[in-house]
Amino acid sequence: MQSKDGKDMILLGDLVLSNKLVVYDIENQTIGWTEYNCTSSIKVKDASSGAVYSVGAHDIGSASSLTFGGILTFLSILIALLHTFIA
């Protein structure tokens, strides 16, 4: 897939990103992910203040799987667009 200005880009969908922890590094303009048990919470440290925050897992039942998939797809597209405009 290519962006409007002809640069190559890759779009990852919800099947690829299932049970992954995805991070976008604004400073280095990179995206990374790792296998992760998404039912667990994660700790995030604010680099400027040093504050540590706990981000809890969300209760994702089978009834909300379509909604979750839609949100994940939307976020994937948003990240791809941000990467296109920033790069």
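Side notes on the structure shown:
- Counting only residues that are surrounded by 10 or more Cβ atoms within 10 Å (Cβ to Cβ), of a type outside the set (A, V, I, L, M, F, W, C) and farther than 29 Å from LYS43 by Cβ, the stretch 1-33 holds 2 of them.
- Single condition THR39 does not satisfy, out of (1) surrounded by 10 or more Cβ atoms within 10 Å (Cβ to Cβ); (2) in contact with a Ser or Thr (Cβ under 6 Å, 6 or more places away or on another chain): (2)
- Neighbours by Cβ (under 9 Å, 6+ apart or cross-chain): first from the stretch 1-18, in contact (Cβ under 8 Å) with a residue 24 or more places away in the chain; second of a type outside the set (Lys, Arg) and part of a strand (DSSP E or B): MET9/GLN2; LEU12/VAL22; LEU12/ILE31; LEU12/TRP33; LEU17/TRP33
- Near pairs, Cβ below 7 angstrom, 6+ apart or cross-chain, from the stretch 63-87 (among the small types (Gly, Ala, Ser)) to any residue that is part of a helix (DSSP H, G or I) and modelled with pLDDT of 75 or more: SER76/LEU17
The values are calculated or read from the model by the stated rules, or taken from the named source; none is laboratory data. Because the structure is predicted, anything quoted here is derived from the model rather than measured. In this analysis, Cβ positions are derived from the backbone assuming ideal geometry, glycine residues included, and neighbour counts consider all displayed protein chains.
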